[in-house]
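Report on one structure; see the data block that follows.
The values are calculated or read from the model by the stated rules, or taken from the named source; none is laboratory data. Given the structure is predicted, the values throughout are model-derived calculations rather than measurements. Glycine also receives a Cβ, built like all others from the backbone with ideal geometry; neighbour counts cover every protein chain displayed. Please note that ligands, DNA and RNA were not included when accessible areas were found on the heavy atoms of the full protein model with its side chains. Shrake-Rupley method; radii C 1.70, N 1.55, O 1.52, S 1.80 Å.
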Amino acid sequence: MILKKTKQLLVMIGIIVVLSGCNSETIEEKMYTHLEEAVRLEAEFEKQQNEITELERKEQQIYSQIIDLDMDEFDQITELSQEAIQIIGERAELIDLEKESIDSSESEFKETEGLIKEIKDEEVKAKAEEMFEVMEERYRSYDQLNEAYIVSLDLEKKLYEMLQQEDLEQDELTEHINNINESYQEVLEANEQFNEFTVEYNNLKKEFYEIAGIEVDFEENPTSDEENDNK
């Protein structure tokens, strides 16, 4: 029942030299500022990921304890179920914070839309437009992922409420668990799509910086891949 997923993170790229020889800030430099600020604003997103994963593990442990109990230990089942519901509430709060982080990142990123229209070099402009479209798809895919996850949380909460009913029928329980599994399958599929857009955007951003003449350090955040690999 635990949600085993990995959300890819944006890559923060450190600037070394920006369009050497230019005295005033160029359009590309302004875009760099907004693009990297959008990454910074997703720092909370990364933090929520770690905490959500830990809560998922705790809930899985509780669920494992519950299914090992007999009905003559109903009081303990009820107590554990209530504890699981509390954890689900904590996960929901973190998901809200995660959404706020993504929304802030999106607002910052959208500041580049007007700048892209001002780019004179057609090759640079085309790459910027491609990058912008992929990032927009990424934000849309996150919204779908977020909605699917919330549905799954609601189903899990309902499960633990059902487990507190002494007259619960096995068929009813089995059907609900199947619904949860189907719901999480949708979450995993949405998460996979989100990851694909994230990887594609990170690559396009690097390409944009290269053809725009922005010299950057392509070393990625040490946490962006390493922490996700452990989930």
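For this structure, a couple of remarks:
- Here the spin labels are modelled as points 7 Å beyond Cα on the Cα-Cβ line, and at Glu133 and Glu207 they lie 1.1 nm apart.
- Cut-off 17 Å (backbone N to label point 7 Å along Cα→Cβ of Leu69), residues of segment 142-168: 157-168
- Take segment 39-87 with all the other protein chains still there, run a 1.4 Å probe, and you get 55 Å² of accessible area per residue.
- Going by accessible surface with a 1.4 Å probe and the largest first, Ile87, Ile177 read Ile177, Ile87.
- For the chain, the longest principal axis of the Cα atoms and the long axis of helix 74-109 meet at an angle of about 10 degrees.
- Taking 0.36 nm per residue of separation and subtracting the current Cα-Cα distance, fully stretching the chain between Gln60 and Thr33 would add 5.6 nm.
- Note on Ile116: accessible area approximately 10 square angstrom, rounded to 10, probe 1.4 Å, nucleic acids and ligands left out.
- Helical runs assigned H by DSSP (4 residues or longer) give the chain a calculated mean residue ellipticity at 222 nm of -26500 deg cm²/dmol, each run adding -39500 (n - 2.57) before division by the residue total.
- Gln82 versus Ile95: modelled label distance in nm, points set 7 Å from Cα along the beta carbon direction: 2.4
- Greater than 26 Å apart at Cα, pairs in Lys47/Lys110; Lys47/Lys205; Lys99/Lys125; Lys7/Lys30; Lys99/Lys120; Lys30/Lys206: Lys99/Lys125; Lys7/Lys30; Lys99/Lys120
- Under the simplified labelling scheme, the Ile177-Lys117 pair shows an inter-label distance of 5.6 nm, with each label point 7 Å from Cα along Cα→Cβ.
- Computed over protein heavy atoms with a 1.4 Å probe, the carbon and sulfur contribution to the accessible area of the chain reaches 43%.
- Gain on full extension, evaluated as 0.36 nm per residue between Lys110 and Gln164 minus their Cα-Cα distance, stands at 14.7 nm.
- Dimensions (Å) - the chain, Cα atoms, principal axes, largest first: 79, 26, 22
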